[in-house]
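Q: Following this message is one structure expressed as structure tokens.
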Amino acid sequence: QVQLVESGGGLVQPGGSLRLSCAASRDIADFNDMGWYRQAPGKQRELVASFTKGGSTNYADSVKGRFTISRDNAKNTAYLQMNSLKPEDTAVYYCNAGFIIRQYWGQGTQVTVSS
């Protein structure tokens with residue numbers, strides 16, 4: 001069993017920055033992959049950024065150059081640094097991890113970009 005707990009969401013003005021954190025209940029080096037998804041009202045959940053066990057990363061085109069995914073294995077935590085935020089980045093952001101044959105999700109954290 002894996003628990004994922006997100007934090008760091010909030011209200012920010014356009015052009016601002018936020019850093020999301022995802023703390024895992026076990027060693028994240030054991031995960032097949034780990035990433036961030038988001039879901040805006042009335043829209044499907046979409047991949048924002050992810051990394052594999054081997055270290056390769058993947059980003060949605062809409063966030064390339066603005067968001068950076070990273071991890072601290074010693075803290076069992078993944079991060080999403082979000083810069084140059086836009087109103088269209090407003091969504092609930094979810095942490096996801098693949099472990100053995102299952103996918104695990106956090107409870108989500110709200111990010112609102114508004115002036």
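The values are calculated or read from the model by the stated rules, or taken from the named source; none is laboratory data. The shown structure was predicted, so the numbers you read here are calculated from the model rather than taken from an experiment. No Cβ is skipped: glycine too gets one built from the backbone with ideal geometry, and neighbour counts run over all protein chains shown. Please note that ligands, DNA and RNA were not included when accessible areas were found on the heavy atoms of the full protein model with its side chains. Shrake-Rupley method; radii C 1.70, N 1.55, O 1.52, S 1.80 Å.
Q: Would you mind telling me which numbered condition in (1) open to solvent by 60 Å² or more (accessible area, probe 1.4 Å); (2) within 11 Å of the chain's Cα centre (by Cα) Ala97 fails?
A: (1)
Q: Against the conditions (1) surrounded by fewer than 17 Cβ atoms within 10 Å (Cβ to Cβ); (2) in contact with a strand residue (DSSP E or B) (Cβ under 8 Å, 6 or more places away or on another chain); (3) over 23 Å from Ala29 (Cα atoms); (4) not charged (D, E, K, R), where does Ser84 fall short? Just the number, please.
A: (2)
Q: Can you tell me which residues in segment 38-60 are in contact (Cβ under 8 Å) with a residue 12 or more places away in the chain and open to solvent by less than 60 Å² (accessible area, probe 1.4 Å)?
A: Correct list: Arg38, Ala40, Leu47, Val48, Ala49, Ser50, Phe51, Thr52, Ala60.
Q: Let me ask another. Select, from Val111, Val63, the only residue that is in contact (Cβ under 8 Å) with a residue 60 or more places away in the chain, open to solvent by less than 40 Å² (accessible area, probe 1.4 Å) and under 25 Å from Gly42 (Cα atoms).
A: Being in contact (Cβ under 8 Å) with a residue 60 or more places away in the chain, open to solvent by less than 40 Å² (accessible area, probe 1.4 Å) and under 25 Å from Gly42 (Cα atoms) holds for just one of Val111, Val63, which is Val111.
Q: Contact list please: Cβ distance under 7 Å, first residue in segment 10-33 and of a type in the set (Ser, Thr, Tyr), second residue open to solvent by less than 40 Å² (accessible area, probe 1.4 Å) and in a loop (DSSP other than H, G, I, E, B), pairs at least six apart or on different chains.
A: Final answer for the pair search is Ser17/Leu85; Ser21/Gly8; Ser25/Val2.
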